[in-house]
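A short worksheet on the structure shown next.
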């Protein structure tokens, strides 16, 4: 039996298999509101047969966006727009759906990737001055961000809580906090972005303080047992910066606070990063954190082949495998993986006739006649 297609439990949340669709920014919202693009995009992914779909990084306040096209969940209008999309998905797919809540920090006020991705300066149309732990720009030619003061920290923390309550009200099955890829919570963790001289900077304990305060506040606001996980960058890929040992300590602190899962990625906080790309290049980080903490763990990063994913699960290197670019390229990746691995996968009955000959049980024990 394929281990990739065995069920998995995240607290009370039952996943039909170990395939997770990672959050992928679409930069296609309007004033933070989900559009028809999100309905089409998420709709096709919700029919893919994966075990869990995580909605893209969703800003908890308007100035916490990466671009003006970022999805948001900071107002009644943004909540209502996402509710419309979710209602359609729920009518046609039983797939569990989570959301990633995020704040861009100093990487905010940027152009979309297809427009170059560079910073939009505060004095340019559509630009604003981003917040950050310290007044250190991400890139050498960018305008320095505004360093958050005590009032700003309280405001951002409450924005995360408010967005989490909206997500729960929408009926989303889980929440993932974005503490990776150089965005605000990762900025607090990394000494490359955090050079504060107060209780939120300096030592590892201090740098972890604000991300853990955000986690604690959300955990306290949600019902007991509701799945709340965190995505981290296990390393900055810069010598002397955030690394696997610190990520393990952070993950252990999260586990002690009731974290439901850890989603292990890497990089993003510095243009100086030197990433050793290759198949499974981040899996070792997930494996190390899983062994050290016992947290349910998602591995991600250049996992493209079903046999790769199967081996990761079979060898106990991670509990779940997350796909990003690969499932954008092939939205039916779970179908094809099930066919390769001799497993079964959920699919809408409208598509049952698409099964290749010789794969009569790919979508379950079905029999289709035709007049």
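Computed from the coordinates by the stated procedures, all read-outs in this text should not be read as laboratory data. Not measured: the values here are computed from a predicted model. Glycine gets a Cβ as well: all are built from the backbone with ideal geometry, and neighbour counts include every protein chain shown.
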Go ahead and run the numbers for FRET between residue 6 and residue 291, Cβ-Cβ distance against an R0 of 22 Å, rounding to 0.05. 0.65
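With an 8 Å cut-off on Cα pairs and a minimum separation of 6 or more residues, tell me the relative contact order of the chain in percent. It would help to have the intermediate numbers written out before the result.
Values: 791 pairs, mean separation 59.6, N = 371.
Once divided by the residue count of the chain, the mean separation gives 16 percent.
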log10 I(q)/I(0) for the range 247-371, Debye formula on C-alpha points only (no solvent), q = 0.11, 0.13, 0.16, 0.22 Å⁻¹, two decimals, reads -0.51, -0.66, -0.86, -1.23
Out of all DSSP beta bridges in the chain, what portion is antiparallel? Express it as a percent rounded to 5. 15
Suppose only helical runs count, i.e. DSSP H with n ≥ 4. What mean residue ellipticity at 222 nm does that imply for the chain under -39500 (n - 2.57) per run, divided by all residues and rounded to the nearest 500 deg cm²/dmol? -10000 deg cm²/dmol
Spacing of the two label points (7 Å from each Cα toward its C-beta) at residue 14 and residue 328, in nm: 3.4
Helix 76-92 sits at what angle to the longest principal axis of the chain, using alpha carbons and giving 0 to 90 degrees rounded to 10? 20
In degrees, nearest 10, the alpha-carbon axis of helix 244-256 is tilted away from the dominant principal axis of the alpha carbons of the chain by 80
How big is the range 109-262 in terms of Cα radius of gyration and Dmax, in angstroms? 16.0, 45
On average, how much area does the Cα convex hull of the range 8-354 cover when viewed from any direction, in nm²? 16.5
